[in-house]
Ligand code: PEP
Ligand code: CO
């Protein structure tokens, strides 16, 4: 690729970047990260790309899920296992109902930078820079906490490394081994109204497995392991640039900070820094689409020029009220280019609301509604919905309303932990997978 290098985005207008005061410290941090070993390999990245290509044609299904914003404080075994468990369980339900192989991608091990609608925040007459994620600053409303600190770039990378290291160890150790359905039980939500439905799925999978193994007379390999990939919004471009390198025996540049970075809905300008950065990397990439004025044809010209299978995922997030009007136009615009993309629905980010008391929330019914409409619209237009992108938490937080337990606004205060957007809790996540699975199956 001509005229591209990991830093060429710096010549473009680039939104949502922190303003660092100490540029020497910024350079030093980027330099440190650029010399550390990568978090993922180009082999894994290429394997994921192949699988995403299969999802685009309906042979697989992508589940991309995790926190809205990871916190440094959440780099703890309980949180990581909780996130891995809810993702694996949702994928199990989806595999069972869709009969498509799942691709599991976490919003994890690097989801530390956030776009914000305003550069600063005013409380009681005091104005400070906005919180932009733990990769940039601290949420505490104090001047010293809010000033962007380049050391956090290194700290974020280190925590990402610890997170992915633990995930790899869990998976290698049999955390997701289907021979042991007891690992797959619902734990503390066993009294959930939907627990028996889930339990029946796990039992039927375990039963089929025993049957197959009896027939074959041996243990079926590859059932004790699942594949798991990482993703985050490629927002903070100094961070992304630092781990972008060439690897032996391959052509081009790889962003080795995760397998699957995506461009957020606020940074899709065709001539902006983010699109410039992403056009030069070989990873499969996602682009969030939430407004109607995105120039799809130009965007695909720049980011998906060769129509490489699996390269391009469009994650639409219009909201339940707009999806019926907007999604057909998006599908048409893509179909007009003749290029193949993987369509994924993010039913979270178009459905964020504030309660009267100012708490950010989302309703389970809106989330399910946008997903159901999307499935329907793709079907009608001979297109394929190949995945879902959701914000979930493995604990029973109270951030989204609704679900089988009927959480209402008055219950939101009980365990509201997210620093940015509200996530589905453990029970709501499994319930969503059950309901969406039925619709897709
Ligand atoms: C997000 O994924 O947390 C996010 C900010 O989404 P979007 O770019 O779609 O608004
Ligand atoms: Co979010």
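The values are calculated or read from the model by the stated rules, or taken from the named source; none is laboratory data. Every value quoted in this text rests on a predicted model; they were computed, and no experiment measured them. Note that each Cβ is placed from the backbone with ideal geometry, even for glycine, and that neighbours are counted across all protein chains shown.
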> Given (1) farther than 17 Å from residue 430 by Cβ; (2) touching a strand residue (DSSP E or B) at 6+ places or on another chain (Cβ under 8 Å), where does residue 72 come up short, assuming only one miss?
Replying inline: (2)
> Looking only at region 44-69, which residues are in contact with a strand residue (DSSP E or B) (Cβ under 7 Å, 6 or more places away or on another chain), assigned to a loop (DSSP other than H, G, I, E, B) and within 13 Å of ligand 2 (Cβ to nearest atom)?
Replying inline: 67, 68
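At pLDDT 95 or above, surrounded by 15 or more Cβ atoms within 10 Å (Cβ to Cβ) and within 16 Å of ligand 2 (Cβ to nearest atom): does that describe residue 276? Write out each step before concluding.
Values: at pLDDT 95 or above: yes; surrounded by 15 or more Cβ atoms within 10 Å (Cβ to Cβ): yes; within 16 Å of ligand 2 (Cβ to nearest atom): no.
No: the conditions fail for residue 276.
Report, by residue number, each residue of region 413-431 that is buried (at least 22 other Cβ atoms within 10 Å of the Cβ) and either within 16 Å of ligand 2 (Cβ to nearest atom) or without any contact (Cβ under 8 Å) to a residue 40 or more places away in the chain (or both). Give the steps one after another, and end with the answer.
Start the filter on region 413-431 by keeping residues that are buried (at least 22 other Cβ atoms within 10 Å of the Cβ), which leaves 422-431.
Selection gives 422, 423, 424, 425, 428, 429.
Criterion first (buried (at least 17 other Cβ atoms within 10 Å of the Cβ) and away from ligand 1 (no atom under 16 Å from the Cβ)) does residue 370 satisfy it? Walk me through it before giving the result.
Numbers: buried (at least 17 other Cβ atoms within 10 Å of the Cβ): yes; away from ligand 1 (no atom under 16 Å from the Cβ): no.
Spelling it out, it is not the case that residue 370 is buried (at least 17 other Cβ atoms within 10 Å of the Cβ) and away from ligand 1 (no atom under 16 Å from the Cβ).
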>> Condition first: surrounded by 15 or more Cβ atoms within 10 Å (Cβ to Cβ), more than 20 Å from the chain's Cα centre (by Cα), within 15 Å of ligand 1 (Cβ to nearest atom) and in contact (Cβ under 8 Å) with a residue 12 or more places away in the chain. Can you find one or more residues in region 288-311 that meet it?
In response: yes
> Which of the residues that make up region 373-408 are under 21 Å from residue 288 (Cα atoms) and surrounded by fewer than 23 Cβ atoms within 10 Å (Cβ to Cβ)?
Replying inline: 373, 375, 376, 377, 378, 379, 381, 383, 384
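Only one residue in 67, 11 is under 27 Å from residue 149 (Cα atoms), modelled with pLDDT of 95 or more and surrounded by fewer than 16 Cβ atoms within 10 Å (Cβ to Cβ). Which one? Lay out the reasoning, then the answer.
Numbers: 67 fails: surrounded by fewer than 16 Cβ atoms within 10 Å (Cβ to Cβ).
Every option except 11 fails the conditions.
Are any of the residues in region 394-412 within 16 Å of ligand 2 (Cβ to nearest atom) and in contact (Cβ under 8 Å) with a residue 60 or more places away in the chain? Quick ask: steps written out before the conclusion?
We begin by selecting, within region 394-412, every residue within 16 Å of ligand 2 (Cβ to nearest atom); these are 397, 399-400.
Remaining after also requiring in contact (Cβ under 8 Å) with a residue 60 or more places away in the chain: none.
Looking through region 394-412, none of the residues is within 16 Å of ligand 2 (Cβ to nearest atom) and in contact (Cβ under 8 Å) with a residue 60 or more places away in the chain.
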> Given 55, 28, which one is away from ligand 1 (no atom under 16 Å from the Cβ) and surrounded by fewer than 19 Cβ atoms within 10 Å (Cβ to Cβ)?
Replying inline: 28
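Would a scan of region 243-259 turn up a residue that is touching a strand residue (DSSP E or B) at 6+ places or on another chain (Cβ under 9 Å), under 21 Å from residue 16 (Cβ atoms) and within 16 Å of ligand 1 (Cβ to nearest atom)? Even if it seems obvious, please write down each step before you answer.
Kept after step one, since they are touching a strand residue (DSSP E or B) at 6+ places or on another chain (Cβ under 9 Å), are these residues of region 243-259: 243-247, 252-259.
Adding the requirement that they be under 21 Å from residue 16 (Cβ atoms) leaves 243-244, 255, 257-258.
Now restrict to residues that are within 16 Å of ligand 1 (Cβ to nearest atom): 258.
Yes, there is a match, as at least one residue in region 243-259 is touching a strand residue (DSSP E or B) at 6+ places or on another chain (Cβ under 9 Å), under 21 Å from residue 16 (Cβ atoms) and within 16 Å of ligand 1 (Cβ to nearest atom).
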> Within region 115-135, how many residues turn out to be under 23 Å from residue 230 (Cβ atoms) and touching a helix residue (DSSP H, G or I) at 6+ places or on another chain (Cβ under 6 Å)?
Replying inline: 3
> Tally time: how many residues in region 384-428 are part of a loop (DSSP other than H, G, I, E, B) and over 19 Å from residue 359 (Cβ atoms)?
Replying inline: 3
